[in-house]
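**Q** Take a look at the following structure, please.
Values in this text are rule-based calculations from the coordinates and carry no lab data. Keep in mind that this is a model prediction, so the values were computed, not measured.
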Amino acid sequence: MAPTEKERLDVVEPAIADLKTVTEVLTAELGRVSARLLVLERRLAGAGAGPDEDLDAVDDEIADVVEALRKAWDAEQEVLADSVRVRIRQEVAEFEELQNRREAGRRRLESGRKPKFERDSIVHEIHQLDWHIGARTSSAQEAADRLAADQRATQEAWRLEAIVAGEKAREEMWAAARTRIDRALAADLRLPVWFRVGLGEITCPDPAPWLLAATGLVAYRLEYGVTDPVRPLGPIPSASSGSAAWVRRTEIYGDVAEQMKGLRP
């Protein structure tokens, strides 16, 4: 005899109830996972759920460090970068060598009678040296003046003290920048636009390159007072002056830019 409709429902209803319970549990779990993924996605993108984080703020925690870096910047304006100093010394040395060769040639002409072909060769050499010396006199004098000014600057006690203090402050700023980043990520704060533009999502599975670039970026902005709301590193600096301050800034700019570039897929 075939089961009645009621008998069939009595068999099916418990299974449906179990399925409903399982579905509700899965739906709740899916909601929890989705919410967690959203939080993680926002954290990776720097768009935290918390309030905005001002990574450029010069608060009491780093005010003294920033002040030391500003003084070091001023001090290094009149000091040549090591690489520039070497190049300028080489330029002056080459000019002096031309002068020495010319004087040696003149002494040879005055040292007694010589065959005509030898005398003509020496005269030609002296004329060539005269031309080279004339072409380089202006730049050589400028180079010598720069070396003299650099020497005077490096002998000023206040300047040397500021530069040494700046080196120490630069290390402290790096540590402070890393602390700010760690704190912002832990608190799920919303990071600035320039930070997200420059760094993107945290690299996985190894976040070390991302943290290195992030720390360098924040430290650079704090040291040089960059406040551009969109461009991570602000305007491109120029090392054309040859000063230690601008050469260092340009080198750091290039290093951080390369690190950020390396984060892009």
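**Q** So what J values fall out for segment 71-86 if you push phi through Karplus, 6.51 cos²θ - 1.76 cosθ + 1.60 with θ = phi - 60°, rounded to Hz, Gly and Pro as x?
**A** Taking θ as phi minus 60°, the curve returns 5, 5, 4, 4, 5, 7, 4, 9, 10, 6, 5, 4, 5, 5, 4, 4 Hz for segment 71-86.
**Q** Whose amide H sits under 5 Å from the amide H of Leu80, counting only residues 5 or more places off or on another chain, with H placed in the peptide plane?
**A** For Leu80, whose amide H was placed from the backbone, the distant partners under 5 Å are Ala244.
**Q** For segment 188-201, in order, what is each residue's ³J(HN,Hα) by Karplus, 6.51 cos²θ - 1.76 cosθ + 1.60 with θ = phi - 60°, in whole Hz (x at glycine and Pro)?
**A** Karplus values, whole Hz, x for Gly and Pro: 6, 7, 7, 7, x, 4, 4, 5, 5, 5, x, 10, x, 7.
**Q** Once amide H atoms are built 1.01 Å from N in the peptide plane, which residues 5 or more positions from Arg190, or in another chain, come under 5 Å H to H?
**A** Under 5 Å from the amide H of Arg190: Gly48, Gly50, Asp52, Glu53.
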